[in-house]
Structure formats: C-alpha cells, structure tokens
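Derivation of every value follows stated rules applied to the coordinates shown; laboratory data play no part. Because the structure is a prediction, the values reported are computed rather than measured. Neighbour counts are summed over all protein chains in view; Cβ atoms, including those assigned to glycine, are modelled from backbone coordinates with ideal geometry.
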Amino acid sequence: MPKTQAAITGVHGYVPEDVLTNKDLEKLVDTSDEWITTMTGIKERHILKGENQGTSVIAVKAVEGLLEKINTKAKEIDLIICCTTTPDIVFPATANIIGNKIGAVNAFGYDLQAACSGFLYGLATGSQFIETGKYKKVVVIGADKMSSIIDYTDRTTCIIFGDGGGAVMLEPTEEDYGIKDSILKSDGSGEPYLHMKAGGSRRPASEETVKNREHFAYQKGSMVFKFAVKNMANVAAQVMERNNLSSEEVAWLVPHQANKRIIDATASRMGLAENRVMQNIQHYGNTTSGTIPLCLWDYESQLKKGDNIILAAFGGGFTWGAIWLKWAYDPK
Ligand code: UT7
C-alpha cells in the first residue's frame, strides 16, 4: 500500500499596510540605512498598528486568503496549529481565537512556540496527524506581531523585526509529494542570548518590570549570529546528506529571514546559487514564525510540482531545524 504523506496544497500570507523604513528608524535610534542594509539586508518592515490588533489579525487574513484560493470552507478544517511567539493573550490559545473568527467550527487548535523555528516545528507536527490518517485538513500558521515586544529605543533589536505571517494547508496524498523528512533541534542553554525577561510565571508583569523595560525581546546579537550561522547551515546540509540529495537536485532553499549574511552562509554550505534561495528579508525583516510561509507565498508562482525544497530556520531557545519537502502542485 502506498504511504500517506502530508502535502502542502496551498499557501497564503499577509503583511500589514504600514511600513517602517530604515530611514524612519534613523529618526528613532542612532543607526543608518547603510549600516542596517550592509549588516542585515533589511530595507523595510511592516507594522500592525491600531488598538486591540493582535497576531490573530494577521493570521485570519492569511487563512481567509488561503481558504478562498483553494476553495475550502472553514468548517472543513480539522486542526489549526498557530506557531507564534506573540500570542494575542497568554490564554486561550491564539489558534482558538483564529478558529472562532473564521468559523472553523469543527476544528480543534493549539499554539506552538519555538520562536523563529516555530513554523518548521508546526509543519513537522501537523504532518504527523495527516500521515497517521487521523485528519485530512490541517492548517499550519506562522505569524507574529513582533512590534508588540520590540523596544524602539534599542537599536540592536528594533532594526531587525517586523510583523507578518502566512498559512499553509496540509492534506493527505498517496503520491510521492509532501513533507519527506525533518530534523528539529533545541538547546535551552541559549536562553541568556535571546529571551524576554518578564511577563511569564517566573516574573509576572509589575510596575518594576515595566519600568525596567523587561517586556521586550532582548538579544545578544553577535552570539545568536554565531550559533545561527553554524547550526542552520549544519542542519540544512544534514537533511540533504541523509536523503542523498545533491545541490543540483534541490530546487529551492527557504531560509528563515533573520539576516542576509546567515542566509548566504547556509546557501553556500549547501552549494546553492543565490537564484535558488528565497529571500524577502529586504521588505519584511524578521517576522519570526512568519518568515518561511511568507517566502513560500511570495515565490509560489515559481514553484513546480516535484520541486525539492529545503526549509531551514534558527531562533530563540535556541531552536533550529530543517525540513525536506517535495512541492505538490504547479502554479495555478
Ligand atoms: O531570528 C532569530 C535569531 N536572530 C538572529 O539570527 C539575529 C542574529 N544576529 C544578527 O543578525 C546580528 O548580530 C546583528 C545584525 C543584530 C548585529 O550585527 P553584529 O555584527 O553582530 O553587531 P554587534 O552586535 O557585534 O555590534 C557591532 C557594532 C557595535 O558597535 P561597537 O561596540 O563595535 O562600537 C554595536 O554597538 O555595531 C553597533 N551596532 C549598531 N550600529 C548602528 C549595533 N546595532 C547597530 C545599529 N546601527 N542598529
């Protein structure tokens, strides 16, 4: 009997309208367009503005666009996995808020937090429910409103992050397409280099935590950079090696968009030329869980059935990983 595999059958993304350029940031902190462009590759990022606008606003736009595109009703969805580091509220899960807003009355949902590797963890997890035959339609969302946890007086973090996200539908196929292999890693000793100090159960919000600006993302960039370059490249190469995939056989690398220099190092380790590496960091910056689905969305019209695609990410935690998938449809 042919093995059931989980294939991506559609993708859609959303970024908010408001744009924050490097020039805008020059007015907020001591930085320059030239420094940001040279050191990260980022030119602008999108910001979700307005009262009571959480990550679910981004996710709902992405999922509604996805459902329309693939002609699927919300009530057909079995499961919603929302990968995010910036949930609307601590509880209930943002996946449930999204499900309620779109009318996914037959779905259960949960959030998955693995920082910038969240979407990879979500894809690997969601595909298991399809492969076992338990469910038929699993929506995996990667979305973050990073501007809600960024300190716009801290030049080492505010230049990198933006808001946005995307969603994919996973469905079963008996053909040889879909998620083929995944390597997921985490190392909790990375906590001091990338974290948010307060707002959890260890250090709940108080007057003091607010005064000390502890509700913002803190990053020791140079340390994270070193780990990211090494680990993202290693795991991407590893998933190719253990599946006997040569560079020529890989159609696309979809790297997490944190820094163009990390992307270039990973592509070089895999032996891939720049024209086979998805990149939109210049427009969106680092949208955490959103980067990989946003890349798939932007490049969807160039993807062909059977393309070997490697997704790779590195993020806070530390978390990192790589997934090999075979794209399941031609441009529509
Ligand atoms: O997605 C989650 C994982 N995150 C990442 O993968 C991010 C990884 N890290 C990075 O991308 C880089 O570390 C950064 C782009 C954030 C920073 O680049 P760096 O080469 O690691 O810079 P650095 O932190 O070592 O700082 C070098 C210099 C310092 O000045 P001095 O001490 O040498 O005089 C910083 O103060 O650059 C200075 N600097 C800036 N200058 C202008 C730091 N941020 C800025 C800035 N504008 N925005």
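Note the full-extension length gain between ASP30 and ASN243 as 0.36 nm times their separation in residues minus their Cα-Cα distance, in nm to one decimal. Write down the numbers at each step before the final one.
Numbers: separation 213, 0.36 × 213 = 76.68 nm, distance 4.67 nm.
Result: 72.0 nm gained on full extension.
Order 281-294, 309-322, 93-106 from most to least packed using the mean count of other Cβ atoms within 10 Å.
Working: 281-294: 29.1, 309-322: 27.1, 93-106: 20.4.
Top to bottom by mean Cβ count within 10 Å: 281-294, 309-322, 93-106.
Show that you can apply the helix-only estimate: for the chain, add -39,500 (n - 2.57) for every DSSP H stretch of four or more residues, divide by all residues, and state [θ] at 222 nm to the nearest 500. The partial results should precede the final answer.
Working: 11 runs with 107 residues, N = 332.
My calculation for the chain gives -9500 deg cm²/dmol from helical runs alone.
With all distinct Cα pairs included, what does the Kirkwood hydrodynamic radius of region 5-176 come out to in Å, to one decimal, could you say? List each step's numbers first, then the result.
Details: mean 1/r = 0.0594 Å⁻¹.
Every distinct Cα pair counted, the radius reaches 16.8 Å.
Take the Cβ-Cβ distance between LYS226 and GLN302 as r, set R0 to 35 Å, and report the resulting FRET efficiency rounded to the nearest 0.05. Present the calculation step by step, with values, prior to reporting the outcome.
Numbers: r = 32 Å, r/R0 = 0.92.
E between LYS226 and GLN302, to the nearest 0.05, is 0.60.
Arranged from highest to lowest average of other beta-carbon atoms within 10 Å per residue, in what order do the peptides 78-89, 297-308 appear?
Values: 78-89: 24.8, 297-308: 15.5.
Packing order, densest peptide first, comes out as 78-89, 297-308.
Which cross-chain or sequence-distant (5 or more) residues have an amide H under 5 Å from the amide H of GLY10, H modelled 1.01 Å from N in plane?
HN-HN under 5 Å from GLY10: MET169.
Once you wrap a convex hull around the alpha carbon atoms of region 100-248, what is its projected area averaged over all directions, in nm²? Walk me through the numbers on the way to the answer.
Working: hull surface 49.9 nm².
Taking a quarter of the hull surface, the average projection is 12.5 nm².
If amide H atoms are built 1.01 Å from N in the plane of the peptide, which residues on other chains or at least 5 residues away come under 5 Å of the amide H of THR85?
Residues meeting the criterion, in which the H sits 1.01 Å from N, are SER289.
For the chain, what value does the Rg/Rh ratio take when both radii are computed over Cα atoms and Rh is the Kirkwood radius, given to two decimals?
On the way: Rg = 18.8 Å, Rh = 19.8 Å.
Reported Rg/Rh (Cα atoms, Kirkwood Rh): 0.95.
Which number comes out as Rg/Rh for region 1-83 once both Rg and the Kirkwood Rh are worked out on C-alpha atoms?
Checking Rg against Rh, the ratio lands at 1.15.
Suppose each label sits 7 Å from its Cα in the direction of the beta carbon; what would the ASP187-GLU274 distance come out to in nanometres?
With each label point 7 Å from Cα toward Cβ, the separation is 3.0 nm.
Quick check on region 180-326: take the gyration tensor over C-alpha atoms, sort the square-rooted eigenvalues as a ≥ b ≥ c, and tell me if it's rounded (a/c under 1.5), prolate or oblate.
On the way: a/c = 2.46, a/b = 2.01, b/c = 1.23.
In terms of gyration-tensor shape, prolate.
Within region 229-258, whose backbone N sits under 16 Å from a point 7 Å along Cα→Cβ of GLN128?
Within reach of a label on GLN128: no residues.
With θ set to phi - 60° and the Karplus curve 6.51 cos²θ - 1.76 cosθ + 1.60, what are the ³J(HN,Hα) couplings of region 287-299 in order, to the nearest whole Hz, using x for Gly and Pro?
With the stated coefficients, region 287-299 comes to 9, 6, 5, x, 4, 6, x, 5, 5, 4, 5, 5, 9 Hz.
Short version: ³J(HN,Hα) in whole Hz for each residue of region 141-153, in order, from phi by Karplus 6.51 cos²θ - 1.76 cosθ + 1.60 (θ = phi - 60°), x for Gly and Pro, what are they?
So the J values, rounded to whole Hz, are 10, x, 8, 8, 9, 5, 4, 6, 10, 9, 8, 7, 10.
With an 8 Å Cα cut-off and a minimum separation of 6 or more residues, compute the relative contact order for the chain in percent. Display every interim value, and only then the final one.
Working: 820 pairs, mean separation 85.0, N = 332.
So the answer I get is 26 percent.
Are any of the pairs LYS73/LYS305; LYS27/LYS211; LYS43/LYS69; LYS27/LYS260; LYS61/LYS226 more than 27 Å apart by Cα-Cα distance, and if so, which?
Working: LYS73/LYS305 24 Å; LYS27/LYS211 23 Å; LYS43/LYS69 30 Å; LYS27/LYS260 24 Å; LYS61/LYS226 35 Å.
In this structure, LYS43/LYS69; LYS61/LYS226 exceed 27 Å between Cα atoms.
Length gain on complete extension for the stretch GLU68 to VAL90, per 0.36 nm per residue less the alpha carbon to alpha carbon distance?
Details: separation 22, 0.36 × 22 = 7.92 nm, distance 2.98 nm.
Residue separation times 0.36 nm, minus the Cα-Cα distance, leaves 4.9 nm.
What ³J(HN,Hα) values, in whole Hz, does the Karplus curve 6.51 cos²θ - 1.76 cosθ + 1.60 give for region 87-98 when θ = phi - 60°, with x put for Gly and Pro?
After applying 6.51 cos²θ - 1.76 cosθ + 1.60, I find x, 3, 9, 4, 8, x, 4, 4, 4, 6, 4, 5 Hz.
Taking the alpha-carbon centroid of each part, what is the distance from region 35-68 to region 167-183 in angstrom?
Each part's Cα centre sits 26 Å from the other's.
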